[in-house]
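The structure under discussion appears below in the form of structure tokens.
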Amino acid sequence: MSGLLIGVVMLVGRGPVSRLVADLVGVGPGDRVLDVGCGPGGAVREAALSGAAVTGVDPAPLMLRLGRSLSGKRSGPGMVFLQGTAEALPVPDQTVTVAWAISSAHHWADIPAGLRELYRVLEPGGRLIIAERLTRPGARGLAAHGFTETQAAEMAAAAQSVGFAVVQHDTRRAGRRMLVTVRARRPASKPG
Ligand SMILES: C[S@@+](CC[C@H](N)C(=O)[O-])C[C@H]1O[C@@H](n2cnc3c(N)ncnc32)[C@H](O)[C@@H]1O
């Protein structure tokens with residue numbers, strides 16, 4: 001399958017997922033949102049609809065081109081697409097109020113490094129949500145693209161170990177998909 005086709009297929013059925021993630025995190029005007037592994041940018045555009053300024057980051061130049069062209073004239077100062085990875089975010093310290101990763105964390109080469117980067121770029125009090133398709137233990141191939149409940153629990157524990165607070169994980173439906181979500185907050189100030 002060509003990269004372009006993969007990008008278009010990635011948008012199919014993702015609307016309910018983007019909306020659920022935006023609702024869970026309560027995104028709104030005044031938020032500065034970072035979408036890590038934004039792909040063709042469906043959730044970037046969802047965040048922009050609520051009045052937030054949004055940065056989509058993805059390592060794949062084709063995804064960034066698709067994101068920019070599908071966003072058309074809306075792509076601009078309030079909607080930016082940058083090349084990068086979760087493990088090396090091209091974003092300054094403490095500059096975003098909301099960060100999310102939708103169906104991207106299962107691709108990260110180094111989950112603790114990605115979580116440390118997310119902690120670095122979120123301002124104190126900033127909200128994080130990681131959403132993945134719920135997969136079955138032992139699944140292979142495409143069916144393994146997502147997290148099992150155990151992997152979601154491990155992600156929550158890893159988030160806590162890099163300093164995130166109020167970490168919770170659960171399973172919920174978005175359209176035809178079952179999702180696991182891990183939600184956390186960068187503490188408003190350092191304890192002690
Ligand atoms: C299944 S797509 C999901 C795209 C989009 N978030 C969505 O839900 O439609 C996974 C995306 O993660 C990106 N990705 C792969 N490795 C990554 C990494 N280390 N950090 C951030 N994103 C990564 C891929 O390029 C791809 O665009």
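The values are calculated or read from the model by the stated rules, or taken from the named source; none is laboratory data. Small disclaimer: the values here were computed from a predicted structure and weren't measured. Methodologically, a virtual Cβ is constructed for each residue, glycine included, from the backbone with ideal geometry; neighbour enumeration extends over all protein chains shown. The accessibility values were calculated without ligands, DNA or RNA, using every heavy atom of the protein model including side chains. Shrake-Rupley method; radii C 1.70, N 1.55, O 1.52, S 1.80 Å.
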Kindly indicate whether Thr181 is hydroxyl-bearing (Ser, Thr, Tyr) and within 22 Å of Ala47 (Cβ to Cβ).
yes
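Any residue that is under 16 Å from Ala184 (Cβ atoms) and either assigned to a loop (DSSP other than H, G, I, E, B) or open to solvent by 50 Å² or more (accessible area, probe 1.4 Å) (or both) - is there at least one of those in the range 61-78? So that I can check it myself, show each step before the final result.
Restricting attention to the range 61-78, the residues satisfying the condition of being under 16 Å from Ala184 (Cβ atoms) are none.
No - not one qualifying residue is present in the range 61-78.
Only one residue in Val91, Val57 is within 9 Å of the ligand (Cβ to nearest atom) and of a type outside the set (Phe, Trp, Tyr), so which one is that? Break it down stepwise before answering.
Working: Val91 fails: within 9 Å of the ligand (Cβ to nearest atom).
The match here is Val57.
Ala143 - would you say it is open to solvent by less than 60 Å² (accessible area, probe 1.4 Å), at pLDDT below 95, closer than 29 Å to Gly175 by Cα and away from the ligand (no atom under 14 Å from the Cβ)? Give the derivation first.
Details: open to solvent by less than 60 Å² (accessible area, probe 1.4 Å): yes; at pLDDT below 95: yes; closer than 29 Å to Gly175 by Cα: yes; away from the ligand (no atom under 14 Å from the Cβ): no.
So Ala143 does not fit the description; no.
Return the residue satisfying two criteria in turn: it lies in the range 108-123 and is more than 14 Å from the ligand (Cβ to nearest atom) and either modelled with pLDDT under 95 or in contact with a strand residue (DSSP E or B) (Cβ under 9 Å, 6 or more places away or on another chain) (or both), and of such residues it is farthest from Gly39 (Cα to Cα).
Here is the first cut: in the range 108-123, the ones more than 14 Å from the ligand (Cβ to nearest atom) are 119-120, 122-123.
After this cut, where a residue has to be either modelled with pLDDT under 95 or in contact with a strand residue (DSSP E or B) (Cβ under 9 Å, 6 or more places away or on another chain) (or both) as well, the list is 119, 122-123.
On the way: Tyr119: 21, Leu122: 21, Glu123: 24 Å.
Looking at residues that are more than 14 Å from the ligand (Cβ to nearest atom) and either modelled with pLDDT under 95 or in contact with a strand residue (DSSP E or B) (Cβ under 9 Å, 6 or more places away or on another chain) (or both), I get Glu123.
Name the strands (runs of 3 or more DSSP E) wholly inside the range 100-192 in which the number of residues that are out of contact with any His (no Cβ under 9 Å at 6 or more places or on another chain) and closer than 19 Å to Glu87 by Cα is 1 or more. Don't jump to the end; show me each part of the working.
Working: elements: 122-133, 165-174, 177-185.
It comes to 122-133, 177-185.
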